[in-house]
1. Say whether the condition of being among the hydrophobic types (A, V, I, L, M, F, W, C) and either at pLDDT below 80 or exposed (fewer than 15 other Cβ atoms within 10 Å of the Cβ) (or both) is met by at least one residue in the stretch 295-302.
2. List the helices (runs of 4 or more DSSP H) that sit entirely inside the stretch 1-115 and contain at least 3 residues that are at pLDDT 70 or above.
3. Out of all the residues in the stretch 169-181, is one or more surrounded by fewer than 18 Cβ atoms within 10 Å (Cβ to Cβ) and under 30 Å from ALA271 (Cα atoms)?
4. Could you count how many residues in the stretch 179-205 are in a strand (DSSP E or B) and among the hydroxyl-bearing types (Ser, Thr, Tyr)?
5. Among LEU112, LEU128, LEU101, LEU72, which is the only one that is assigned by TED's automatic domain parsing to the domain that holds ARG183, hydrophobic (A, V, I, L, M, F, W, C) and buried (at least 20 other Cβ atoms within 10 Å of the Cβ)?
6. For the stretch 256-277: of the residues being outside any loop (DSSP other than H, G, I, E, B), of a type in the set (D, E, K, R) and out of contact with any Lys or Arg (no Cβ under 7 Å at 6 or more places or on another chain), which is surrounded by the most Cβ atoms within 10 Å (Cβ to Cβ)?
7. Among what's in the stretch 283-294 and is over 17 Å from GLU261 (Cα atoms) and buried (at least 17 other Cβ atoms within 10 Å of the Cβ), pick the residue that is farthest from the chain's Cα centre (by Cα).
Amino acid sequence: MNHHVKFWIAAFICSCLVTHTFSQSNDDNPEAVVQSYWAAMQAGDWAKCASLIHPDSLARVRNKANGFVDSLLALDKFGDNLRDFFGVSTKDEFVKLSDGLVFERALQRMSLQPGFTEIIKATKHQSLGTVYERDDLVHVLYRADVRLYDSAGNRLKVAEFESHNDLIGVHTKVSLPDPDNDRAGVISLKKQGSAWRLLSGDEVETALSEWRKNFEEFRENLTKFANELSKKNTKTTPAASSISQPQSEERVNINTASIDELQRLPGIGAALASRIVEHRRKHGQFKRPQDIVIVRGMSAKLYRRIAHLIRI
């Protein structure tokens, strides 16, 4: 299934841009804290990034993550996808994670999105100063310039990135800042004790919302497909079945088949066959033939192709 995701870069830039000319590097200087955050982003130090976010922002991200995990577990009953996103297998384990760790792991997952690294490297930035609104609230002003070019050397206004795996393809569309726009950006910081921390996380909240939307859409499509398949099986007469489909004993039993036997099915190579066997070893036998779509790499399209060739 191919999900098209629009990832607008403005909120992301607001969260992490800073000039490289700051002289201080401690928590008492708001600009130095922003600089530390940006340096951590470039270094891929997600734990450091999370440590520089204010608890208020961490709590908002956690709230979004809670909703996403609920949607994820409705499809991922064995916890494989939850483990991929947050490093845990159950809702109880997820609840025990700190807000900072949830932010860290969500940000780490975001870094895998097409274009994330390219945008980081292509961004130039300039600090315009700091506005103190209250003793515990400041705003760092900045101007950002993201320079990406096409193969002909023309500067892009919109950049597009794609990535694909066995299950889904992701298309990311990024609207780049207009170099002729005179408006400045603002990133806010708030005191946590004696330290300044970023009121950031909008980009992580946006990503969590997109992920939740994609998984709910995928689950809905699987449900529709299962219902359609059930209707077709109900309408098919025994006589027709014996002509159009292999007999039950000729089908591949996905609960007992070896890797070699699974590879005889069209579209299933060694890697996917190995994942099916490993999934079976970890989680037990499949309850229904269509449950095989839970395995990473087994798309709904591929399942339709082999549905008449497998059994339990």
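The values are calculated or read from the model by the stated rules, or taken from the named source; none is laboratory data. The shown structure was predicted, so the numbers you read here are calculated from the model rather than taken from an experiment. Glycine also receives a Cβ, built like all others from the backbone with ideal geometry; neighbour counts cover every protein chain displayed.
1. Among the residues of the stretch 295-302, at least one is among the hydrophobic types (A, V, I, L, M, F, W, C) and either at pLDDT below 80 or exposed (fewer than 15 other Cβ atoms within 10 Å of the Cβ) (or both), which makes the answer yes.
2. Here the list reads 30-43, 46-51, 55-75, 80-86, 91-95, 99-110.
3. Yes, the stretch 169-181 has at least one match.
4. Result for the stretch 179-205: 1.
5. Values: LEU112 fails: buried (at least 20 other Cβ atoms within 10 Å of the Cβ); LEU128 fails: buried (at least 20 other Cβ atoms within 10 Å of the Cβ); LEU101 fails: buried (at least 20 other Cβ atoms within 10 Å of the Cβ).
Just one listed residue meets the conditions, LEU72.
6. Ranking the candidates gives GLU261 first.
7. Taking the candidates together, the pick is GLN290.
Conditions tested, residue by residue: (1) touching a Gly at 6+ places or on another chain (Cβ under 8 Å); (2) among the hydrophobic types (A, V, I, L, M, F, W, C).
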{"residue": "ASP145", "(1), (2)": "no, no"}
{"residue": "GLY153", "(1), (2)": "no, no"}
{"residue": "GLU162", "(1), (2)": "yes, no"}
{"residue": "VAL186", "(1), (2)": "no, yes"}
{"residue": "GLY193", "(1), (2)": "no, no"}
